[in-house]
Structure formats: structure tokens, C-alpha cells
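For reference, the structure is listed below as C-alpha cells.
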Amino acid sequence: IEEFLMCANEILGGSPARIVLVVGGPGSGKGLLSKRLEEECSVVHLSSGDLLRDEVRKGTPLGQEVAQIMQRGELVSSAIIVTLIRRRMRDHPGKRVLLDGFPRSLENAHDLMEICGKPELALHLSCDDTILMERILRRGKEGNRADDNVETALLRLRTYHKYHHTQMEWLREQGVPVVNLDCSGSPENVWHQLLAIGRLMRPAAQHSRSKDDLFSAAEDDDASGDRPMIL
């Protein structure tokens, strides 16, 4: 693993991706927002949770180990997640990637920096824990996810809060711009917040970004009305 972290490009091939972090607690809507951004803005969405669950479904020795960790509501080791993420990133060299659910700890953050460099941006979804609990439990019933039960949900929220402050401090120290979004409402409401922030930022972006960059303002009215300028 140490050799992998130091020489990821040589081992796996491809070039480091450009990273946008999607940060928030379990049930905050990270996946929903990321999927919409993927559809609207032609970026690649990678969810650490989905990558782990895929490995579990494959029934590999690694997947069996991950399943036990997830059922206990604990964090999967940084080395495992980084391996899975970088493996998937090599399929999209040079593409902008939305990274959902990672990093969750300082160790994760350091490993991410080692492999991919500083993230370009972080989208921070926040709301009250009671709302997150309701969503997690509803998701467990509707999606038949074994790790979405009351006991595990409470543990996941505690784990999230344990590392969240450290994560936000790390983003500030690294100079990563953070966009704060209130996710207590519907996914559509979160989307409109992002659009509004994009419109506010557009004048400055027009002077500092090239028009073919995803971060630059869209020149036509249709695009500017439907897509967040920052992505």
C-alpha cells in the first residue's frame, strides 16, 4: 500500500484527475447532487460508498472484509478506499471528478493529496441530524440496505461528526474553496441554491477563466439558467 500511495501513476497508469469534493453527513443528498451534476455538467461521479458496496457485491476477500466493517458502522481504512478510487480514476484520465463521501478523516485527506493533489472545490451539504436520521432510515426501508438501521445510523452520524470538523479545517488550511449548501429541503432546492451561487460568481469568473473550462460562465442563456457556473 505504501508503494501504491507513493507511485500510484506508475502502478495504475493514467493521470491524476481534477477533484471536486462533495461533503456532507449520511443522508445529506451527496449522491443525488453528484448524479445531477454528472448529468448536467459532463463530469465523472465517484462515490466511495458505491465503490465499497460494489466490492461487497462481487464477494471478493476484500469485499467480505469491507462488509463486516460497514455492518459495524465503522470507517473503512484509508488504504482500501484510496485503492478503489484510484483504480476507477484511471478509466477517466484528465477528467474532472466529483468525489462523494471521501475524504472522511485526516488520513484520507493526506492520501488523497498524495495521489491527486489539492481538490479544486468542495460542495458542503449540511442540515440537522434529525433530518439525516429520517432519511437514512427511510432509505434503508426503501432500498433494503442492511447498513441503514437505527443503531448503525446513529453510529455513522457520531463518526461523521467526529471527523467532520477536522475535514473542514483541512480544507481551509489547503485553501480549497468551500460552497455551503442547506440540504434540509428537497434535492431541487439544493440545486437551485447551487445555480444561484453560480450566477453570483459568474461576473468574476468571466474575467479569470477560459470559456471552455467547466468553471467558466456559460455564454448562452439556456446553459446559464440550467447549469451551475462553478461546475
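The values are calculated or read from the model by the stated rules, or taken from the named source; none is laboratory data. Just so we're clear, the structure is a prediction, and the values are computed from it rather than from any experiment. Virtual Cβ from ideal backbone geometry, glycine too; neighbours counted across all protein chains shown.
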Notebook entry, point to check: Within segment 172-201, can you find the residues that are in a loop (DSSP other than H, G, I, E, B) and within 16 Å of the chain's Cα centre (by Cα)?
Noted result: 176, 177, 183
Next item on the list: Specify the residue that is surrounded by the fewest Cβ atoms within 10 Å (Cβ to Cβ); the eligible residues are those in segment 135-170 that are free of Cβ contacts under 8 Å to residues at least 24 places away in the same chain and acidic (Asp, Glu).
Entry: 142
Next item on the list: Please work out which one of (1) closer than 19 Å to residue 25 by Cβ; (2) at pLDDT below 85; (3) assigned to a helix (DSSP H, G or I) is the condition residue 147 fails and give its number.
Entry: (3)
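Does residue 133 count as in a helix (DSSP H, G or I), modelled with pLDDT under 85 and either of a type in the set (D, E, K, R) or out of contact with any Ser or Thr (no Cβ under 7 Å at 6 or more places or on another chain) (or both)?
Details: in a helix (DSSP H, G or I): yes; modelled with pLDDT under 85: no; either of a type in the set (D, E, K, R) or out of contact with any Ser or Thr (no Cβ under 7 Å at 6 or more places or on another chain) (or both): yes.
So residue 133 fails the test.
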Note to self: Residue pairs, Cβ under 6 Å, 6 or more apart or interchain, first in segment 101-126 and touching a residue at least 40 places away in the same chain (Cβ under 8 Å) and closer than 22 Å to residue 53 by Cα, second assigned to a strand (DSSP E or B) and of a type outside the set (Lys, Arg). List them.
What the structure shows: 101/47
Notebook entry, point to check: For segment 15-31, how many residues meet the condition of being out of contact with any helix residue (DSSP H, G or I) (no Cβ under 6 Å at 6 or more places or on another chain) and either at pLDDT 85 or above or buried (at least 16 other Cβ atoms within 10 Å of the Cβ) (or both)?
Noted result: 7
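Tell me the helices (runs of 4 or more DSSP H) entirely within segment 32-106 that contain at least 3 residues that are in contact with a helix residue (DSSP H, G or I) (Cβ under 9 Å, 6 or more places away or on another chain), of a type outside the set (A, V, I, L, M) and surrounded by 15 or more Cβ atoms within 10 Å (Cβ to Cβ). Give the derivation first.
Details: elements: 48-58, 61-71, 78-89.
Per the criteria, 48-58, 78-89.
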Notebook entry, point to check: Pick from segment 112-130 the residues that are buried (at least 18 other Cβ atoms within 10 Å of the Cβ) and aliphatic (A, V, I, L, M): which of them is modelled with the lowest pLDDT?
Noted result: 115
Notebook entry, point to check: Is it the case that segment 171-186 has a residue that's surrounded by fewer than 11 Cβ atoms within 10 Å (Cβ to Cβ) and acidic (Asp, Glu)?
Noted result: yes
